[in-house]
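J.: Once you've had a glance at the structure underneath, I'll fire off some questions.
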Amino acid sequence: MIEFIQATKRYGRSDRNALDHLNLKVGDGCVYGFLGPNGAGKTTAIRLLTGALRPTEGEIRVNGISVAEKPIETKRMIGFVPDSQEMYERLTGVEYLNFMADIFGVSEADRKERAEKYLARFDMTEAARDRIGSYSRGMKQKMAAIGALIHEPPVWVLDEPMVGLDPRASFLLKEEMRARASAGATVFFSTHVLEVAEKLCDRVGIIHKGKLIMEGTPEELLGKTGDASLEEVFLEMTASSQEQA
């Protein structure tokens, strides 16, 4: 489970909050889609959750533990797939997975079993022998996802994970996200692909200008607005929020 409690982030001397008093709880076994336009605060929220940033105000908890008070403990519970492709390009895929396993203290037997399982699942078994620098963007994205799963985290966080993936890779990733939630994990991801969010998510939140403006199941959001798709809900709500601002 993850919780944002009045979570606020303001950068430098700015008079505007990049994230503005976010209150949000995502339970175990849930795939949660975090939606918003560019610059809405999605990545800021994810960086606060993963401990890469500290909040200006408020608190973030992972399974009841404060990220600020116990950053190492909470980071051990999270598998994070960032939106950037900054990886150790001189390492082979296998070396990278061993590096990630070392960080999280995964035993030799467990890392071997998990690496083989996830490499096969994402069609990366052969490519794992090659240097990451030779990978396409999509291959790097898949390897980052595998590395984030090597310690079987109870919380899986992904920032724009579908970018750069071909249709098959995207399908495999969505399958794994659903499988993780079915096994009791919390899956939290940001995306611009609204069709994916509508079909995959148990719950979604729409954020705009740092504020959470709508939250619920896809069915609840459609029912509140009377729209036919999550895309229509998104466009209507972000336009309304812009007009009010």
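Each value in this text was obtained by applying a stated rule to the coordinates, not by laboratory testing. Remember, it's a predicted structure, so these values are computed and weren't measured experimentally. Reconstructed Cβ throughout: ideal geometry from the backbone, glycine too, with neighbour counts over all protein chains shown.
J.: Do any of K117/K142; K42/K224; K25/K70; K42/K117; K174/K209; K70/K142 go past 21 Å between their Cα atoms, and which?
T.: K42/K224; K42/K117; K174/K209; K70/K142
J.: Could you state the principal axis extents of the C-alpha atoms in the chain, from the largest down, to the nearest angstrom?
T.: Over the chain, Cα extents along the principal axes are 54, 41, 32 Å.
J.: Cβ neighbours within 10 Å, averaged per peptide: list 201-208, 174-181 in order, most packed at the top.
T.: Packing order, densest peptide first, comes out as 201-208, 174-181.
J.: Another one. Running a GNM on the chain with Cα contacts under 10 Å, which residue among L119, L235, L165 ends up with the highest mean-square fluctuation?
T.: L235
J.: Further question: Using the crude model of +1 on Lys and Arg Cβ and -1 on Asp and Glu Cβ, and no other charge, please compute the dipole size for region 143-245 relative to its Cα centre, in debye to 20.
T.: Values: 9 positive and 17 negative charges, 58 e Å.
About 280 debye.
J.: Counting Lys and Arg as +1 and Asp and Glu as -1, each charge on the Cβ, what is the dipole of region 88-152 about the Cα centre in debye, to the nearest 20?
T.: 240 debye
J.: Using only the Cα atoms, what convex hull volume per residue in Å³ does region 88-152 have?
T.: 69 Å³
J.: Could you work out how far apart the two model spin labels at R178 and D123 are, taking each label as a point 7 Å from the Cα in the direction of the beta carbon, and quote it in nm?
T.: Label at R178, label at D123, 1.8 nm between them.
J.: At 7 Å along the Cα-to-beta-carbon direction for both S229 and R168, put a label point, then send me their distance in nm to one decimal.
T.: 2.7 nm
J.: Just P154, P82, P167 to compare: in a GNM of the chain, with alpha carbon springs under 10 Å, which one fluctuates most?
T.: Answer for the Gaussian network model of the chain: P167.
J.: Once you charge only the Cβ atoms, +1 for Lys and Arg and -1 for Asp and Glu, what is the size of the charge dipole of the chain about its Cα centre, to the nearest 20 debye?
T.: Computed charge dipole of the chain: roughly 640 debye.
J.: For the residue pair N63 and M77, what label-to-label distance in nm results when each label sits 7 Å from Cα along the Cα-to-beta-carbon direction?
T.: Spacing of the two 7 Å Cα→Cβ label points: 0.6 nm.
J.: Separate question: Hey, got the Cα dimensions of region 58-109 along the principal axes, in Å, largest first?
T.: Sorted largest first, the three principal extents are 40, 29, 13 Å.
J.: By its C-alpha gyration tensor, with a ≥ b ≥ c as the square roots of the eigenvalues, how is region 1-71 shaped: rounded for a/c under 1.5, else prolate for a/b larger than b/c, else oblate?
T.: Note, shape of region 1-71 comes out oblate.
J.: Taking amide H atoms as placed 1.01 Å from N in the peptide plane, list the residues 5 or more away in sequence, or in a different chain, whose amide H sits under 5 Å from that of H208.
T.: I213
J.: State the answer as a single residue: which of M237, L212, C201 lies farthest towards the positive end of the charge dipole of the chain, with beta carbon charges of +1 for Lys and Arg and -1 for Asp and Glu, about the Cα centre.
T.: L212
J.: In whole Å and largest first, what semi-axes does the C-alpha gyration tensor of region 9-114 yield when each eigenvalue is scaled by 5 and square-rooted?
T.: 29, 17, 14
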